[in-house]
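Notes follow the structure.
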Amino acid sequence: MTTFVDRVELHVAAGNGGHGCASVHREKFKPLGGPDGGNGGRGGDVILVVDQSITTLLDYHHSPHRKATNGKPGEGGNRSGKDGQDLILPVPDGTVVLDRNGEVLADLVGHGTSYVAAEGGRGGLGNAALASARRKAPGFALLGEPGRSGDIVLELKTVADVALVGYPSAGKSSLISVLSAAKPKIADYPFTTLVPNLGVVTAGSTVYTIADVPGLIPGASQGRGLGLEFLRHVERCSVLVHVLDTATLESDRDPVSDLDVIEEELKQYGGLDDRPRIVVLNKIDIPDGQDLADMIRPDLEERGYRVFEVSAVARTGLKELSFALAEIVSKARAAKPKEEATRIVIRPKAVDDAGFTVTREEDGLFRVRGEKPERWVRQTDFNNDEAVGYLADRLSRLGVEEELMKAGARAGDGVAIGPEDDAVVFDWEPTMMAGAEMLGRRGEDHRFEAPRPAAQRRKDRDAERDEALREFEGFEPF
């Protein structure tokens, strides 16, 4: 059964914002006490957080759909809805977040590093928050904004200082088991190692991590063997260690040609030319292995490689190799630029930036795109005439009508607000009426201006009396 997964496609969905509440305060002797609808709660975010205790993406391989909770709707009595709970997804150190097109969205390195993969929707405002001097009793509330959703790809790139590369059965697993406390699977057949193994090595005052990268054979960079799956795990390493088998039983192989093949695969993969290399001649405890190591060592040193002869079984040459690696790792760490404190960059909005654009498409449709107009449309209840009128007022104040006129729009032309797959389309009329004006001035409640019920009943009785008296001929009311 698979226990290690280093690449998954994750479907994430943030929580929706709760709807605002349209409510009027009522109590004894105060039938119309004013608007008291509360705001809706914010939808929960989906957040990726680096957790050092996590080493695989296996959980997301089995459960790729993740969704945060929705915000609660507002209630009367000025009670706001509860915010949705954020969904925290722990990921291994070294996880790269990409979109479906392969563009890198975030590189998560370091414990606690986080990235918001999907942002929760805003809660809608209740009618209490929408009340103003002109709009004393709004009969509507704003809807909650839908949360963001989409597909992301998670790729794990092992965070290690040293990478052991080489042919299968070259002794990489044996070497990492004696250099560190790691306990990888070791056997005498190819492709014993199916997942990268990590170990921690202490050499003097330097502590570094070492990774065993499996599956490199000719054609690995094109997908043969396991190389394409695990070559990404060497990208973050400071030094590459070629582990060469000096006691191979295959007649068509020798350590030098093995080195050339692996170097060609690394070159084809790309991005690793600047990494220092060390060559380890393994299995010198075997007589033929020692003889072959003595023969090829001068050739390798002539190429510029530092060469170490070791035996993982006899545990010879390990101390020299460990301290040499520690020296290279220390230099690489010292050469890295110092991490600076996060700078807060404030980018003021341009004076002439309206926050939206109006474009005319080939079919004559005018499309409005912008964060504010699109959000306002999503939060409008189109079954409520007063809410539609409020939207029209907001768009007019933002300058949308003026820009439509400048773009050549005329009465009756089609206007779409939002992207092609999710837009609100309507026939544009300058100074849009939207039907809300038939209710009076927007936001006004004529019930406040109506006479008291008892007075109205008296007027109704007087009118009935007058009507009855008119039936008598020649009667004129006083």
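The values are calculated or read from the model by the stated rules, or taken from the named source; none is laboratory data. Since the model is a prediction, treat every value here as computed from it, not as a measurement. Here the Cβ positions follow ideal geometry from the backbone for every residue, glycine too, while neighbour counts run over all protein chains shown. These accessible areas exclude ligands, DNA and RNA; they are computed on the full protein's heavy atoms, side chains included. Shrake-Rupley method; radii C 1.70, N 1.55, O 1.52, S 1.80 Å.
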Inset, instruction - Let me have the relative contact order for the stretch 29-157, percent, based on Cα pairs under 8 Å that are six or more residues apart. - result: 34
Inset, instruction - Give me the net charge of V280's neighbourhood, meaning all other residues with Cβ under 11 Å from the Cβ of V280; Lys, Arg count +1, Asp, Glu -1. - result: +1
Inset, instruction - Measure off, as a whole percent, the carbon and sulfur share of the 1.4 Å-probe accessible area of the stretch 1-132, all protein chains present. - result: 49
Inset, instruction - With a point put 7 Å past each Cα toward its Cβ, work out how far N383 is from D51 in nm, to one decimal. - result: 4.1
Inset, instruction - Using just the alpha carbons, could you tell me how many Å³ per residue the convex hull of the stretch 231-286 encloses? - result: 90
Inset, instruction - Give me the distance between the Cα centres of the stretch 42-77 and the stretch 375-416, rounded to whole Å. - result: 35
Legend entry - Distant alpha-carbon pairs in the stretch 31-152 (separation over 23 angstrom), percent: 46
Legend entry - Estimated inter-spin distance, R7 and E327, nm [label 7 Å along Cα→Cβ]: 3.8
Legend entry - Mean Cβ count within 10 Å, highest first, over the residues of peptides 136-143, 149-156, 386-393, 369-376: 136-143, 386-393, 149-156, 369-376
Inset, instruction - Taking 7 Å along the Cα-to-C-beta vector as the label spot, tell me the S132-H65 distance in nanometres, rounded to one decimal. - result: 4.2
Inset, instruction - May I ask you to give the solvent-accessible area per residue for the stretch 90-159, in square angstrom, as obtained with a 1.4 angstrom probe? - result: 45
Legend entry - q = 0.23 Å⁻¹, the stretch 78-140: log10 I(q)/I(0) [Debye, one scatterer per Cα]: -1.03
Inset, instruction - Using only the Cα atoms, work out Rg/Rh for the stretch 286-331, with Rh taken as the Kirkwood radius, to two decimals. - result: 1.03
Inset, instruction - Could you tally the net charge around P92, taking each other residue with its Cβ under 10 Å from the Cβ of P92, Lys/Arg +1 and Asp/Glu -1? - result: -2
